[in-house]
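Single-structure report; data block below.
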Amino acid sequence: MPIENIVEKELGTKSKKDIEDMGVEKFNELCRSKVLGYVSEWEKTIHRLGRWVDMKHAYRTMDKEYMESVWWVFKELWDGGYIYKGYKPMHICPRCETTLSQQEVSEGYKDIKDISVTAQFRVQDTELKKRLVGDGDAYLLAWTTTPWTLPGNVLIAVGEDLEYTIVKLGDAHFIVAKDLVMTNFEGKEFEVMSQVHGKDLAGLYYEPLFPYYADSENSFRVVTADFVTTEDGTGLVHLAPAFGTDDYEVFRKEHVPFIQHVGMDGVFKKEVTDFAGLHVKPVEDHMATDIEIVKWLAHNGKLFAKKKYEHSYPHCWRCDTPLLNYATDSWFVDVTKVKKTALKLAEDINWSPAHMKEGRFGKWLEGARDWSISRQRFWASVIPVWQSEDGDQICIGSVEELETLSGQKVDDLHKHVVDKITFEKDGKTYTRVPDVLDTWFDSGSMPYAQVHYPFEQKEAFEQGFPAEFIAEGQDQTRAWFYYLHIIASAIKGKPAFKNVIVNGIVLAEDGKKMSKKLQNYPDPMDILNKYGADVLRFYLLSSPVVSAENLNFSERDLNDVSRNVFRMLWNSYSFFTTYASIDNWSPMSCHSRAGGNPGSENSLDPRVKPEDDKSKNILDRWILSELQLLIREVESSMEKYELSKATRAFMPFIDNLSNWYIRRSRKRFWKSEDDNDKENAYQTLYAVLVTLSKVMAPFTPFLSEEIYRNLFSCHSREGGNP
Ligand SMILES: [Zn+2]
C-alpha cells in the first residue's frame, strides 16, 4: 500500500481537502516517519530469509539525492522533447482527486453491477424533422451505461452510413438503429414507418434532457461520428465532452461549449440543481446516484428503458473508489515518440519465462500510449518545472540550478518545501507548477537515482548499467519493467536490464488471495521458525512462482520438501560424519587445505577435483558422474535464469545419493580394516558433500554453510568431532 494511504487511514481523512486543511507539510512529515518504520521491518525479514541485500547503501525515494536524480531524469526527457502538457479525458479518482496512468487504471478492473438507461430526447420541430417523420412527437433514443453523465449531454452521434428505423409506438415516433429495433422494442406493439441513413439524421435538433445548460450555443443536435456502432444500445450515442475520449474528439470538431457538470471530486456542481452535492459514484453504493437520475427521467417523461447489468469497471488501486473518465490537464511522457526505439531495444532482453518477451511485455509495449506522469497529490517527487505568469516554463534538473536561480539554500525537494521557492528572471516571477510525479516515475528512475547519478558515482553507474538482472511480479510488465525500459530507451538509448525473472503470485492454499481477514494462510514467521528459511526458499524456488505462474501455497508440500530433500540430505551428511568420527578419518588433502584458504577463488569452484582419482568402484564412479551432471544442469539453467529448473535438479540427486549410493555403499564404511575401498568410499562421499554444499549455497545458504564449514574445518575433525 502506498505510504500516503497508510497515513490517510491512520488519520481518518476522508478527502483531499482534509489533508490540505491539516497542512501538506504536516502530512508529508508523517509520511516520512512511516517510511522509516517500514525500512527496519523489511530489514529484519530479509535477513531472516538469508537474502543478501546491501542495506547499508539502501536508497530511499524520499532522500534528497534520489529526488535530485529524478529531476535530472525529468530534465533529460524534457530536453529530448519527450515531455508535454495536454488536456485530455483521463481516468481520475474522485476521492484522491488525481489522474491515473493507463497502467494504474488497468490494475483496478472489477466486475460490478450497474444500471444502464435508454433516454428519449424529444426532437424539435424543424423542416428536417417534418420531412423525416411528419407531424407528431418524435424521439431520439440514446443508451448509456453512465446515467450521471446525462446532465452534461450536448450532442448525439449517429453513424453516417448506418441504417436507422423510424418506429411508431402509440402516437409517438422513435428513431433507433435498424439492427437494434428488436432489442429495444421486443414485446411492444410497434410499427416500422421508414428507413433512413445516419447522415439524413445529422442536423436534427432536440430539446435538452435537463434544464441546467439549456442555453448552450450550438448544442443539442445530431452529428455523425465514426465510432458509433450497432453492437449494443440504440445506435445513437449521447455525448458529454468532458467525460469520454470519443466525446472529447467530437466536441473539438463541433465547437460546442465545454460543459463540465461534475467537479474533479466527483460531485455535481451547484448549477445542476436537482443533484448538486451528490457524488456521481458513491463508494458505499455506486449505483445510488444513477438511480436518482433514472427516477428524475421517469418523473419527467424522458425515460424509455432501464436495465441492470454487470460489467468490468475500473477502480482506484489506492482507495478502491470507482474511477471517472474526466477531461483534465496532465503532463505526459511522449511514449509514442520513443516507442520505436523501445521496441528495438526490447529485442535484446532475456526473459524468464521466455514467453513474457513477446507476450505480456511485448504486447503492452506495442499498445503503449503516452504516459500521464502528473499527480495532484502530496508525498512524492515533484514536477521540477517553474512557470511565469505568462506561461513561460523553466525545467530545473539539479539542486544547484534551483539554488542559483533562487539564491536560496535548498535542503529538501518535497512539495511543501519547494512550492515556497520562487525566483525572478528577466523581470518575471516563476513559481512551481503544483503537480507531483507518478510514483512510477521514481521507480523508473531507480538505476540513476540509487547512485545519485550523474551528480556522484558516475563510474559505479556505468559499471552497473544495464543491470545484469531484475526480478519482480508479472504485473510489473506493465509497470516497473515497462517504465524502466521507457526511460532508459529515451535518455540512454539502451535497455535498463539484460535479464528479467518474472514471478507469479503466492496465493492461499484454496487458490484465493492471501487475506488477513479470511486467515487462509499461515503466518510467514511461524513457517520460518518451524521449517527454517532454507526449506521455504527451496519450496518457492522450485515452484512455478519463479516462472510467472501463481502458486497455491501449501504447508503439506512444504513439509514434503522438508522431508524429501532436507532430511534426506541431512541424514546422508550425518551418516558421513558419524563414521568419519568413529574412524577418525580425514581427507587426504586436509593437511594442506587446513593451512590454506578455504575461501579462495579456487576452493569455491564447484568443479574442484574430487580426490577420487584412484577409485574404480562403480558406485563411486556413478555418483561422481551424477554430481557432474547436476553441476552442468544447475549451471546451464542458472545461465538462462531458469530458477525452478535449477532447483529441481537437486531432488533426484539427493535421492540417488541417499537411497542408492549410501545404501549400496554402507558396508564399505562398516568394514573394520582400513583398506583402499573404504578410503575411496570416504573420499568420494566427502567430495560429493563438499561440492554439493557449494552448488546448493545460493539456494539453501544456511544448510550449505553448516555442512561446508563442518566438513572443511580439518582441525576440529582431528579432535574427532566433524
Ligand atoms: Zn483513490
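Listed by first and then second residue, the pairs with beta-carbon distance under 9 Å, at least 6 apart or on different chains, first residue in region 239-250 and assigned to a helix (DSSP H, G or I), second among the basic types (Lys, Arg), are PRO241/ARG252; THR245/LYS88; TYR248/LYS88. For region 93-102, residues that are near the ligand (Cβ under 9 Å from one of its atoms) and within 19 Å of the chain's Cα centre (by Cα) total 4. TYR521 passes every criterion in (1) of a type in the set (Ser, Thr, Tyr); (2) in a loop (DSSP other than H, G, I, E, B); (3) open to solvent by less than 20 Å² (accessible area, probe 1.4 Å) apart from (3).
Does at least one position in region 36-53 carry a residue that is modelled with pLDDT of 85 or more, of a type in the set (Gly, Ala, Ser) and open to solvent by less than 80 Å² (accessible area, probe 1.4 Å)? Yes; the residues of region 36-53 include at least one that is modelled with pLDDT of 85 or more, of a type in the set (Gly, Ala, Ser) and open to solvent by less than 80 Å² (accessible area, probe 1.4 Å).
Would it be correct to say that THR118 is under 23 Å from PRO257 (Cα atoms) and touching a residue at least 40 places away in the same chain (Cβ under 8 Å)? So THR118 fails the test. Residue under question is LYS75, and the condition is that it be under 28 Å from the mean Cα position of the chain (by Cα), more than 16 Å from the ligand (Cβ to nearest atom) and open to solvent by less than 60 Å² (accessible area, probe 1.4 Å); does it hold? Spelling it out, LYS75 is indeed under 28 Å from the mean Cα position of the chain (by Cα), more than 16 Å from the ligand (Cβ to nearest atom) and open to solvent by less than 60 Å² (accessible area, probe 1.4 Å).
Being of a type in the set (D, E, K, R) and under 29 Å from the mean Cα position of the chain (by Cα) is the filter; apply it to region 373-427 and report the residue that is nearest to SER101 (Cα to Cα). So the residue we want is ARG375. Figure legend. Inter-residue proximity from region 93-110: first residues within 19 Å of VAL7 (Cα to Cα) and in contact (Cβ under 8 Å) with a residue 24 or more places away in the chain, second residues hydrophobic (A, V, I, L, M, F, W, C) and more than 14 Å from the ligand (Cβ to nearest atom), beta-carbon distance below 8 Å, spacing 6+ or different chains. Indicated pairs: PRO94/VAL267; PRO94/VAL280. If you take the residues in region 287-327 that are within 16 Å of the ligand (Cβ to nearest atom) and open to solvent by 20 Å² or more (accessible area, probe 1.4 Å), which one is farthest from the chain's Cα centre (by Cα)? It comes out as ASN325. Applying the set (1) within 16 Å of the ligand (Cβ to nearest atom); (2) out of contact with any Gly (no Cβ under 9 Å at 6 or more places or on another chain); (3) not in a loop (DSSP other than H, G, I, E, B) to TYR139 leaves exactly one unmet item: (1). Among the residues of region 627-657, the ones that are within 17 Å of ASP560 (Cβ to Cβ) and open to solvent by 50 Å² or more (accessible area, probe 1.4 Å) come to 4 in all.
Among the residues of region 298-344, those that are among the charged types (D, E, K, R), out of contact with any strand residue (DSSP E or B) (no Cβ under 7 Å at 6 or more places or on another chain) and farther than 30 Å from PRO434 by Cβ comprise LYS340, LYS344. The set of residues from region 38-70 being more than 30 Å from LEU541 (Cβ to Cβ) and over 22 Å from the mean Cα position of the chain (by Cα) comprises ASP63, LYS64, GLU65, GLU68, SER69.
Any residue at all in region 284-295 that's touching a helix residue (DSSP H, G or I) at 6+ places or on another chain (Cβ under 8 Å) and more than 13 Å from THR149 (Cα to Cα)? No, every residue in region 284-295 fails to be touching a helix residue (DSSP H, G or I) at 6+ places or on another chain (Cβ under 8 Å) and more than 13 Å from THR149 (Cα to Cα).
Restricting attention to region 251-271, the residues that are surrounded by fewer than 21 Cβ atoms within 10 Å (Cβ to Cβ) and touching a strand residue (DSSP E or B) at 6+ places or on another chain (Cβ under 9 Å) total 9. Only one of the listed residues (ALA214, ALA172) is hydrophobic (A, V, I, L, M, F, W, C) and over 26 Å from PHE275 (Cβ atoms). That residue is ALA172.
Candidates in region 34-85 are the residues that are of a type in the set (Gly, Ala, Ser) and without any contact (Cβ under 8 Å) to a residue 40 or more places away in the chain; of these, the one that is nearest to ALA697 (Cα to Cα) is ALA58.
Of the residues making up region 380-397, those that are surrounded by 16 or more Cβ atoms within 10 Å (Cβ to Cβ) and out of contact with any Lys or Arg (no Cβ under 8 Å at 6 or more places or on another chain) number 1. For PRO89, the conditions (1) surrounded by 15 or more Cβ atoms within 10 Å (Cβ to Cβ); (2) assigned to a loop (DSSP other than H, G, I, E, B); (3) away from the ligand (no atom under 16 Å from the Cβ) are fulfilled apart from (2). Within region 103-124, if we keep just the residues that are within 16 Å of the ligand (Cβ to nearest atom) and not hydrophobic (A, V, I, L, M, F, W, C), the residue that is modelled with the lowest pLDDT turns out to be GLN103. Determine if region 283-294 includes at least one residue that is part of a strand (DSSP E or B) and of a type outside the set (A, V, I, L, M, F, W, C). No: region 283-294 contains no residue that is part of a strand (DSSP E or B) and of a type outside the set (A, V, I, L, M, F, W, C).
The values are calculated or read from the model by the stated rules, or taken from the named source; none is laboratory data. Keep in mind that what you see is a predicted model, and the values were worked out from it rather than measured. Please note: Cβ atoms are built from the backbone with ideal geometry, for glycine as well, and neighbour counts cover all protein chains shown. Protein only, heavy atoms only, side chains kept; ligands, DNA and RNA dropped before computing areas. Shrake-Rupley method; radii C 1.70, N 1.55, O 1.52, S 1.80 Å.
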